[in-house]
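The values are calculated or read from the model by the stated rules, or taken from the named source; none is laboratory data. Bear in mind the structure is a predicted one, so any value in this text is a computation, not a measurement. For neighbour counting, all protein chains shown are included, and Cβ atoms are generated from backbone atoms with ideal geometry for every residue, glycine included.
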Amino acid sequence: MVRQASSEDEVYDILFDMLKKKSGIVQVVVIKKGYNDKNMTVFKAMDMEKLKTIENKVTTEQNCWAVKTGNEFVYNGNSDDFNCKEFHRESVSYLCIPIVLGGIVSGVVQIQSDKKDFFTDSMITEIKVYIDSITPVISNLRLLESLNNMASVDTLTKVYNRRYLEKYLEEQIEISKENNLHLSVIMLDIDFFKRFNDIYGHDAGDYVLMHFADTLKFNVRESDVVSRYGGEEFVVVLPGTDLHGAYTVAEKLRKKVEDMSLTAISNEAPPKITCSLGISSYPIHGNNIDKLIQSADKALYKAKNSGRNRTCIFGETSPCPSFFM
């Protein structure tokens, strides 16, 4: 059954269904740990109502015997047993089994019972068979997720790449058509980037690209998408946003870039960068990907030719039309 699962959530749901059949098991909690993170947090539980009381609970690997040792840990309700008291509440006994992926402990499955001395050797052996069955499936699903993310994200800047942008923009155009919504695109280019690389070197140029991408990401909505289009050129997609809103966002981004601190490149005389921006909007500037991108690119070209460090709108005679004043 787990081999047919399409997500890690589904794998755990199958595990929960198996464990529910055993009289005496009242709760199962999945606690996850990142590869480079010592914190452990509750990910999922068999009884979601009970999960609500502990879903924001955080502990560290130092407080978890199963994670520290890589072995199962059982508490059968005896007062002389070590009791971590981290993620269980009303349960009398509990069993913690580590989730080991690629030789690294990445989490713990905690099975709870309302009975004392519930977890016998035979019971533990049987449950371990279940966990051993799901771990390779979880490992493969996480690898697949990682590969999918890598295929969609620019490796240097960690924003979306051009491939993802085109797919996302196509979806948003269809949504805008069906719901009669506006959709705007901002194309940005770092001014004189080649000259910057010649002066400071390509390592500094890479740092600027990463810092530039972060500045864009942190100054748009969660629903907006930032992508690297190529080289020093980026695109921001603004769903449900008209020209007026897009211009406001573009000017905010332009000023944030102008204020970027680049002391990491030179503390004594930190360089300054600026960017030029071009805006197009659906449906007035195009009803497909190619037209919207071409229109934003032409507006960007106009911003470059008009002196740089400015925002231009496709088809407008002035970079800042009077209705935006």
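Filtering the stretch 254-265 to residues that are touching a residue at least 12 places away in the same chain (Cβ under 8 Å) and loosely packed, with under 15 Cβ neighbours inside 10 Å leaves Glu258, Ala264.
Among the numbered conditions (1) touching a Gly at 6+ places or on another chain (Cβ under 6 Å); (2) surrounded by fewer than 17 Cβ atoms within 10 Å (Cβ to Cβ), the only one that Asn305 does not meet is (1). Checked against the criterion of being assigned by TED's automatic domain parsing to the domain that holds Ser184, touching a residue at least 40 places away in the same chain (Cβ under 8 Å), under 23 Å from Arg162 (Cβ atoms) and among the charged types (D, E, K, R), the stretch 268-290 has no qualifying residue.
What do you reckon, is Phe118 at pLDDT below 85, crowded, with 17+ Cβ neighbours inside 10 Å and assigned to a loop (DSSP other than H, G, I, E, B)? Answer is no for this residue. Check whether at least one residue in the stretch 195-202 is under 30 Å from Glu8 (Cβ atoms) and either outside any helix (DSSP H, G or I) or not basic (Lys, Arg) (or both), and report yes or no. Within the stretch 195-202, not a single residue is under 30 Å from Glu8 (Cβ atoms) and either outside any helix (DSSP H, G or I) or not basic (Lys, Arg) (or both). For the stretch 93-145, which residues satisfy the criterion of being within 16 Å of Gln27 (Cα to Cα), of a type in the set (A, V, I, L, M, F, W, C) and touching a Gly at 6+ places or on another chain (Cβ under 7 Å)? Once the filter is applied, which keeps residues that are within 16 Å of Gln27 (Cα to Cα), of a type in the set (A, V, I, L, M, F, W, C) and touching a Gly at 6+ places or on another chain (Cβ under 7 Å), the stretch 93-145 yields only Phe118.
Inclusion of Asp13 among residues that are farther than 18 Å from Phe118 by Cβ and modelled with pLDDT of 85 or more is warranted. Looking across the stretch 57-96 at every residue that is in contact with a helix residue (DSSP H, G or I) (Cβ under 8 Å, 6 or more places away or on another chain) and hydrophobic (A, V, I, L, M, F, W, C), the one that is modelled with the lowest pLDDT is identified as Phe82.
When restricted to residues that are in a helix (DSSP H, G or I) and either under 23 Å from the mean Cα position of the chain (by Cα) or surrounded by 13 or more Cβ atoms within 10 Å (Cβ to Cβ) (or both), the stretch 129-181 contains 36. Of all residues in the stretch 206-253, those satisfying the criterion of being within 20 Å of Thr157 (Cα to Cα), touching a residue at least 40 places away in the same chain (Cβ under 8 Å) and of a type in the set (Ser, Thr, Tyr) are Tyr207, Thr215, Ser227, Tyr229.
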